Amino acid sequence: MEQYRTRPAPHPQRPPAQRRGPRPAALPAQGGGPQAPYRRRMPRPRLTGLGGGLFACAGMLLAGGICWLLFGSSLFVYGLLFLPVAAATALWVRPADLITAPITVPIAFAAGVWPISGGSGGFGGQLMGLVSALSLHAGWLYAGTLVAALIAVVRKAVLIGRRRMPRRVAQG
């Protein structure tokens with residue numbers, strides 16, 4: 001049985017000589033004239049939902065290890081380090097995966113608090129220490145989740161506003 005093509009054939013590629021010229025390596029500095037020096041832009045990471053979760057978990061495990069080694073398992077310092085990790089996760093996740101930022105941040109808090117939870121004994125003691133640390137420091141957990149949620153909502157509102165802007169201009 002013969003299968004017919006449902007899409008038109010792609011356009012033949014132009015020879016390399018007719019393609020666009022090389023891209024500029026840097027962008028001009030803001031407010032500069034013709035003699036403005038060129039500077040490189042920092043790359044903007046765009047993490048998938050899974051990548052954002054892994055980033056947050058790795059960051060919080062690192063923060064928990066630092067708190068354990070340098071600050072004697074201080075949950076206050078851990079909470080302070082949680083807020084920038086939550087903000088960075090919400091800022092660096094792709095626009096299509098914005099909903100995952102406020103979901104993965106509390107999971108990362110729980111993953112990172114394990115080294116400093118203070119449980120003793122076997123698995124039960126470690127689990128009780130983890131639950132105790134989560135319940136006693138829920139304020140930090142809520143604050144970081146709120147930071148991630150607010151950043152995600154603002155980013156989504158800006159994206160929606162940018163999509164609607166050309167329509168308003170065309171109608172007006």
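Observations on the structure shown:
- Difference of contour (0.36 nm per residue) and Cα-Cα distance, L54 to M165: 36.5 nm
- Protection proxy ranking for 47-53, 111-117, using the average of other Cβ atoms within 10 Å per residue and placing the highest first: 111-117, 47-53.
- Contour excess over end-to-end distance, with Cα ends at A110 and L62 and 0.36 nm allotted per residue: 16.0 nm
Quick note: the coordinates plus some simple rules give every number you see, no bench work behind them. Everything numeric in this text was worked out from a predicted model, so none of it was measured. We place every Cβ from the backbone using ideal geometry, glycine too, and count neighbours over all the protein chains shown.
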